[in-house]
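Chemist: Could you have a look at this structure, given as structure tokens, before my questions?
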Amino acid sequence: MSKIVVVGANHAGTAALNTILDNYKGNEVVAFDSNSNISFLGCGMALWIGGQISGPEGLFYSNKEKLEDKGARIYMETPVEAIDYDKRIVHAKGKDGTEYHESYDKLILATGSVPIIPKIEGIELKNVQLVKLYQNAAEVIEKLKDESIKDVVVVGAGYIGVELAEAFVRNGKEVTVIDCVDTCLSGYYDKDFTDIMRENLRNHGVKLAFGETVQKMEGKDKVEKVITDKGEHKADMVIMAIGFRPNTTLAGGQLDLFRNGAFLVDKHQQTSQKDVYAVGDCATVYDNSIQEVNYIALASNAVRSGIVAAHNSCGNELESVGVQGSNGISIWGLHMLSTGLTLAKAEKLGIKAAAVDYEDYQKPAFIEKNNQKVKIRIVYDKDSRVVLGAQMTSEYDISMGLHMFSLAIQEKVTIDKLKLVDLFFLPHFNQPYSYIALAALKAE
Ligand SMILES: Cc1cc2nc3c(=O)[nH]c(=O)nc-3n(C[C@H](O)[C@H](O)[C@H](O)COP(=O)(O)OP(=O)(O)OC[C@H]3O[C@@H](n4cnc5c(N)ncnc54)[C@H](O)[C@@H]3O)c2cc1C
Ligand SMILES: NC(=O)c1ccc[n+]([C@@H]2O[C@H](COP(=O)([O-])OP(=O)(O)OC[C@H]3O[C@@H](n4cnc5c(N)ncnc54)[C@H](O)[C@@H]3O)[C@@H](O)[C@H]2O)c1
């Protein structure tokens, strides 16, 4: 039996802890987390702010007590301050000043990510809000009770920014979204798709300020306006959503890091130090769409990597199957899903890529209700013919379709195999000629 210490007990850390505690009895398991809560589903923040759910209760699925009932020792509000990788000791300090020096046989780092905060004048003004933690969401909800908050500026039109733009409009606010790139969601979709999302935002009253770089914020003690290189935007509240960076200060120069600072791990989630694993937003992933190590911060990756590290730390060898960054967003009922590479990204990587597009109704025309259009793009390598990515959008639930493309990328399925793949037909669900096959058949 071993002594396993886990640093960070949010999605990745909790997945590792539950896997160890449920499957490998007899180990001594200790975890530290600097926060006062764990397992907050950030994805629920926009739903909560937008009033689409009644409150935050359902946004947690674990806590200290549940993990301790399974036999772990859990220290909350107790940040790990340093790790001695030679002596295999974790040093932490509780909020009451108590010091902890826990030895370990195996260590799992699940320290996640932290919001990127630009060093600009006025960033410290009141009502400039970060949106990562439960506490951030609770603070925004509390502040929104102040009727004088009318204009909200969201900086960053990525996943969080776009989701929160909808939330604040639903909350009755005037919303402007700024992004330094000339569109929204540019990391996940090609232009044909981002144009559809920007139309959706505009149609719901969101003011778009794309291609603008924030230079400073102005106000007395509360923020009043955001100044960009192209103009200024009135703001009673500013939401900073310009991405996260991996939280790896505990590397202490002892662990190899990826180009963006994430802990570099192999397919067993092991770092450059034997018996030291890293999972979730603080670690790299193996990206099947580029057949290389990459950094893709998603809760889905956090959970899976936590499970993989747990089995390996308990001596049961398990390899990650890699990821392709499958993700989705739904804004005012418009669903948009993507996996793998966009055509733009593939071309930027110098891959000889091509894309096939198709648009059709989900079901035969004689189905008059709940029958929406679906737009699909499949990206593939012209030489190997292997599927590299897929993007889909519809008001219909197309999530199962995207899962198929995720598996196709993972298993290196070619676009030619998709032309004749066995896809069932039932008019309640789809058409005899599926848009998946019809798109693939267009591949030259
Ligand atoms: C608003 C929002 C919406 C999101 N929506 C989605 C979504 O819909 N789908 C999706 O896949 N992903 C989504 N994400 C991303 C997802 O939340 C992250 O990928 C996920 O939280 C990563 O989990 P993690 O455990 O690796 O890291 P984190 O969630 O960052 O947790 C790290 C934990 O480590 C603790 N910690 C850090 N340093 C120390 C230390 N030195 N000592 C002790 N403890 C420490 C922290 O307190 C924290 O609890 C969203 C994120 C946000 C902010
Ligand atoms: N539905 C989901 O899967 C979901 C939802 C929310 C968050 N997440 C994940 O959480 C992480 C954080 O999300 P996020 O939205 O913060 O990051 P993101 O990478 O999705 O978006 C960041 C956006 O900020 C823009 N930006 C960067 N620097 C800027 C600057 N100085 N000024 C203006 N714009 C700037 C970028 O162009 C980008 O559009 C991501 O990994 C994301 O995938 C996933």
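Chemist: Within the stretch 377-390, is even one residue over 26 Å from VAL323 (Cα atoms) and surrounded by 13 or more Cβ atoms within 10 Å (Cβ to Cβ)?
Modeler: Filtering the stretch 377-390 for residues over 26 Å from VAL323 (Cα atoms) gives none.
Within the stretch 377-390, not a single residue is over 26 Å from VAL323 (Cα atoms) and surrounded by 13 or more Cβ atoms within 10 Å (Cβ to Cβ).
Chemist: Scan the stretch 150-184 for residues that are crowded, with 22+ Cβ neighbours inside 10 Å and either modelled with pLDDT under 95 or assigned to a loop (DSSP other than H, G, I, E, B) (or both) and jot them down.
Modeler: GLY156, ALA157, CYS184
Chemist: When you scan the stretch 1-87 for helices (runs of 4 or more DSSP H) that lie fully inside it, which ones turn up with 2 or more residues that are more than 16 Å from ligand 2 (Cβ to nearest atom) and open to solvent by less than 20 Å² (accessible area, probe 1.4 Å)? Don't jump to the end; show me each part of the working.
Modeler: Numbers: elements: 11-23, 43-49, 64-69.
Qualifying helices (runs of 4 or more DSSP H): 11-23.
Chemist: Here is a check on your reading of the model: is SER330 within 17 Å of the chain's Cα centre (by Cα) and open to solvent by 10 Å² or more (accessible area, probe 1.4 Å)? I'd like the intermediate steps shown before the answer.
Modeler: Values: within 17 Å of the chain's Cα centre (by Cα): yes; open to solvent by 10 Å² or more (accessible area, probe 1.4 Å): yes.
Judged against the criteria, SER330 is a match.
Chemist: Here's another thing I want to ask about it. Can you name the residue in the stretch 125-149 that is in a loop (DSSP other than H, G, I, E, B) and charged (D, E, K, R) and, of all such residues, is farthest from ligand 1 (Cβ to nearest atom)?
Modeler: Going through the stretch 125-149, the residues in a loop (DSSP other than H, G, I, E, B) turn out to be 125, 127, 131-133, 144-149.
Adding the requirement that they be charged (D, E, K, R) leaves 132, 145-147.
Working: LYS132: 5, LYS145: 20, ASP146: 22, GLU147: 25 Å.
Per the criteria, the residue is GLU147.
Chemist: State the number of residues belonging to the stretch 377-432 that are touching a residue at least 12 places away in the same chain (Cβ under 8 Å) and part of a loop (DSSP other than H, G, I, E, B). Even if it seems obvious, please write down each step before you answer.
Modeler: Looking only at the stretch 377-432, we keep the residues that are touching a residue at least 12 places away in the same chain (Cβ under 8 Å), and these are 377-399, 401-406, 408-410, 412-416, 418-421, 423, 427-432.
Checking the rest, the ones that are also part of a loop (DSSP other than H, G, I, E, B) come to 382-385, 395-398, 412-413, 420-421, 423, 427-432.
Residues meeting the conditions: 19.
Chemist: Condition test on ALA165, is it within 12 Å of ligand 2 (Cβ to nearest atom), out of contact with any His (no Cβ under 8 Å at 6 or more places or on another chain) and among the aliphatic types (A, V, I, L, M)?
Modeler: Details: within 12 Å of ligand 2 (Cβ to nearest atom): yes; out of contact with any His (no Cβ under 8 Å at 6 or more places or on another chain): yes; among the aliphatic types (A, V, I, L, M): yes.
When the stated conditions are applied, ALA165 passes them.
Chemist: Within the stretch 108-147, take every residue that is of a type in the set (Asp, Glu) and open to solvent by 60 Å² or more (accessible area, probe 1.4 Å) and give me the one that is farthest from ligand 2 (Cβ to nearest atom). Explain how you work it out, then say what you get.
Modeler: Kept after step one, since they are of a type in the set (Asp, Glu), are these residues of the stretch 108-147: 121, 124, 139, 142, 146-147.
Now restrict to residues that are open to solvent by 60 Å² or more (accessible area, probe 1.4 Å): 121, 124, 139, 142, 147.
On the way: GLU121: 14, GLU124: 16, GLU139: 17, GLU142: 22, GLU147: 28 Å.
Among those that are of a type in the set (Asp, Glu) and open to solvent by 60 Å² or more (accessible area, probe 1.4 Å), it is GLU147.
Chemist: Scan the strands (runs of 3 or more DSSP E) fully inside the stretch 320-361 and keep the ones with 1 or more residues being touching a Gly at 6+ places or on another chain (Cβ under 8 Å).
Modeler: Numbers: elements: 327-331, 334-340, 353-361.
Correct list: 334-340.
Chemist: I'm told ILE307 meets every condition in (1) within 12 Å of ligand 1 (Cβ to nearest atom); (2) under 18 Å from the mean Cα position of the chain (by Cα); (3) surrounded by 19 or more Cβ atoms within 10 Å (Cβ to Cβ); (4) assigned by TED's automatic domain parsing to the domain that holds ASN23 except one. Can you identify the failing condition by its number?
Modeler: Status for ILE307: all satisfied but (1).
Chemist: Still on this structure, please answer the following. With a cut-off of at least 3 residues that are within 30 Å of GLY8 (Cα to Cα) and not polar (S, T, N, Q), name the strands (runs of 3 or more DSSP E) lying wholly within the stretch 222-261.
Modeler: Details: elements: 223-228, 231-234, 237-240, 244-246.
Fully inside the stretch 222-261 and qualifying: 237-240, 244-246.
Chemist: Would it be correct to say that LYS442 is open to solvent by less than 30 Å² (accessible area, probe 1.4 Å) and in a loop (DSSP other than H, G, I, E, B)? Explain how you work it out, then say what you get.
Modeler: Values: open to solvent by less than 30 Å² (accessible area, probe 1.4 Å): no; in a loop (DSSP other than H, G, I, E, B): yes.
Taking the combined requirement at face value, the residue does not satisfy it.
Chemist: For the stretch 293-302, state whether one or more residues are closer than 17 Å to GLY389 by Cα, away from ligand 1 (no atom under 16 Å from the Cβ), without any contact (Cβ under 8 Å) to a residue 24 or more places away in the chain and not assigned by TED's automatic domain parsing to the domain that holds GLU347.
Modeler: Taking every residue of the stretch 293-302 in turn, none turns out to be closer than 17 Å to GLY389 by Cα, away from ligand 1 (no atom under 16 Å from the Cβ), without any contact (Cβ under 8 Å) to a residue 24 or more places away in the chain and not assigned by TED's automatic domain parsing to the domain that holds GLU347.
Chemist: Does any residue in the stretch 86-112 that is within 21 Å of ASN312 (Cβ to Cβ) come within less than 6 Å, Cβ to Cβ, of a residue that is within 16 Å of ligand 2 (Cβ to nearest atom) and among the acidic types (Asp, Glu) six or more places away or on a different chain, and which pairs are these?
Modeler: Short answer, once both residue conditions are applied: GLY112/ASP281.
The values are calculated or read from the model by the stated rules, or taken from the named source; none is laboratory data. All figures in this text were calculated on a predicted structure; none of them were measured in a lab. Note: ideal-geometry Cβ built from the backbone for every residue, glycine included; neighbour counts use all protein chains shown. Please note that ligands, DNA and RNA were not included when accessible areas were found on the heavy atoms of the full protein model with its side chains. Shrake-Rupley method; radii C 1.70, N 1.55, O 1.52, S 1.80 Å.
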